[in-house]
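Contents: one structure, followed by commentary.
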Amino acid sequence: VLELLRGVQRASEDRKRSLSRLRWALQNKETQQKFVRLDGSIRTLIGLFTSSLADMQMEAARCLHELSHSSDPAVAEACLPVTSYLLTYLSGHSVEFTELCLYTLGNLVVESEAVRKQLLPQGIIPVLASCIQSPHEAVLEGLGYVLSQLLQAKEAPTEIMPLVLDSVLPQHMLRLVCSGLKAGIGAAVEFAWCLHYIVCSHTANAALLSLGALPALTSLLLDLASEIPQDAPEGLELLVCPVLRCLSNLLAEETGCEVQIQDERLLVALFLILQCFLQQHPFIIQECLWLLNNLTADKPFFCSTLLGLDLLPALLQLLPCSQMASVLVLTVLCNIAEKGPAYCQQLHQQPALPLLLPTLTLPNPEVVGQCLELLHLLFLHWPEAAADFVRQGGHRALEQHQSTPELQERARALLDMVGQPLGASTFSPCHATLSAFS
């Protein structure tokens with residue numbers, strides 16, 4: 001390592017070759033740690049990084065980029081002197097050089113709070129805001145990467161988020177995400193996750209809603225769903241996921257924003273996405289169901305639409321997918337049943353009971369508990385469902401849970417209900433909106 005550094009320090013024709021060899025050597029963790037401990041090592045790289053020789057400058061940038069990959073905070077902190085130069089070089093130079101500087105910055109802010117604390121007073125947010133107008137997809141993707149790393153930092157809600165919200169970044173991020181794949185799927189994915197982290201802070205939702213985030217993201221989801229059956233680009237699920245989460249979390253806020261989207265095409269889009277990704281990307285099922293829950297939680301519009309478009313069979317088919325999917329499907333059904341007798345009658349007529357009976361026999365208390373919530377609502381609002389339940393032998397499944405501590409009270413209450421068509425109950429309906437994963 002020392003010999004490589006000496007080769008780089010010599011003003012000879014072999015300097016570039018030594019720099020190239022150093023770059024490859026710095027892919028090794030131990031080499032990184034040894035290099036930053038050598039006297040003058042970072043100073044030498046900075047000297048070449050800021051030189052007027054373009055080829056040397058690029059090789060030095062690549063060496064710094066390799067160092068930024070280190071998971072050792074000491075290596076990141078050794079690179080502190082270079083951060084101001086990285087910011088300076090974001091304006092101008094080649095696209096490749098700018099992209100390299102962006103990813104180096106993004107890697108450094110992940111590992112070191114000291115780097116983040118130095119970059120904020122140096123004006124990283126205004127500099128990034130000036131870069132977001134770039135016409136180059138590679139630059140936009142790198143910019144999205146830096147922002148997503150900053151917005152995930154532990155100090156982001158208090159120190160970084162206010163600066164981002166005071167800049168033009170949110171509106172341009174929303175624009176780039178909602179332009180779909182025009183900016184490139186990589187850039188769209190990065191900015192979609194940035195929006196997700198902003199939404200999860202709960203302090204910025206009013207600002208995003210004022211920018212029209214809800215209708216814009218809804219429109220994007222419709223566009224993405226329309227592309228799925230034709231020629232969906234590789235990695236589309238990576239964009240769909242944060243868009244679903246943003247919509248879910250915005251709807252979970254008590255802002256009355258759910259009245260802004262009453263478009264039945266949204267449900268069709270959700271089920272198209274479910275159908276497309278069910279086999280290869282099952283994690284999308286959970287995301288879609290979170291959103292579906294928050295759409296059906298309060299207002300009856302989407303409950304009526306789901307039943308009216310005959311989407312209930314497709315929803316019930318998701319019950320066995322996973323434990324979380326089962327709980328969420330049952331929660332959506334609770335949202336529908338809670339709306340009253342007419343809705344419970346339709347659930348009964350589009351036979352949900354035969355599919356619920358096997359669920360009662362599962363060894364998972366959380367799934368069974370949610371199923372009991374649903375049965376309570378059905379029996380309460382539509383007593384014919386209780387009679388049908390008994391005819392199908394459902395009461396025997398309930399009797400099995402009388403000895404399960406967390407389920408016995410509700411199981412006994414339901415047994416009372418099926419014995420008395422309008423019997424009293426200790427249940428309370430479950431129809432709260434749920435925040436998606438943060």
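The values are calculated or read from the model by the stated rules, or taken from the named source; none is laboratory data. Bear in mind the structure is a predicted one, so any value in this text is a computation, not a measurement. Counting neighbours? That spans all protein chains shown, and the Cβs are built from the backbone with ideal geometry, glycine included. Side chains included, ligands, DNA and RNA excluded: accessible areas come from the protein's heavy atoms. Shrake-Rupley method; radii C 1.70, N 1.55, O 1.52, S 1.80 Å.
A few notes on this one:
Condition check ((1) assigned to a helix (DSSP H, G or I); (2) of a type in the set (A, V, I, L, M, F, W, C); (3) surrounded by fewer than 22 Cβ atoms within 10 Å (Cβ to Cβ); (4) free of Cβ contacts under 8 Å to residues at least 12 places away in the same chain) across all residues:
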position: 299; (1), (2), (3), (4): no, no, yes, no
position: 320; (1), (2), (3), (4): no, no, yes, yes
position: 324; (1), (2), (3), (4): yes, yes, yes, no
position: 330; (1), (2), (3), (4): yes, yes, no, no
position: 342; (1), (2), (3), (4): yes, yes, yes, yes
position: 354; (1), (2), (3), (4): yes, no, yes, no
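- Number of residues in the stretch 49-80 that are of a type outside the set (Gly, Ala, Ser) and either more than 18 Å from residue 106 (Cβ to Cβ) or touching a Gly at 6+ places or on another chain (Cβ under 7 Å) (or both): the value is 7.
- Residue check, residue 413 surrounded by fewer than 17 Cβ atoms within 10 Å (Cβ to Cβ), in a helix (DSSP H, G or I) and among the small types (Gly, Ala, Ser): no
- Output for the stretch 8-54, where each listed residue is loosely packed, with under 14 Cβ neighbours inside 10 Å, at pLDDT below 90 and hydrophobic (A, V, I, L, M, F, W, C): 11, 53, 54
- Only one entry of 66, 77 meets the criterion of being charged (D, E, K, R), part of a helix (DSSP H, G or I), open to solvent by 10 Å² or more (accessible area, probe 1.4 Å) and within 19 Å of residue 124 (Cβ to Cβ), and that entry is 77.
- Which listed residue, of 149, 133, is modelled with pLDDT under 90 and not hydroxyl-bearing (Ser, Thr, Tyr): 133
- Residue within the stretch 271-293 that is over 17 Å from the mean Cα position of the chain (by Cα) and among the β-branched types (Val, Ile, Thr) present: no
- Members of the stretch 96-121 found to be open to solvent by 50 Å² or more (accessible area, probe 1.4 Å) and over 18 Å from residue 48 (Cβ atoms), listed by number: 99, 103, 110, 111, 113, 117, 118, 121
- For residue 93: the one exception among (1) outside any helix (DSSP H, G or I); (2) within 22 Å of residue 28 (Cβ to Cβ): (2)
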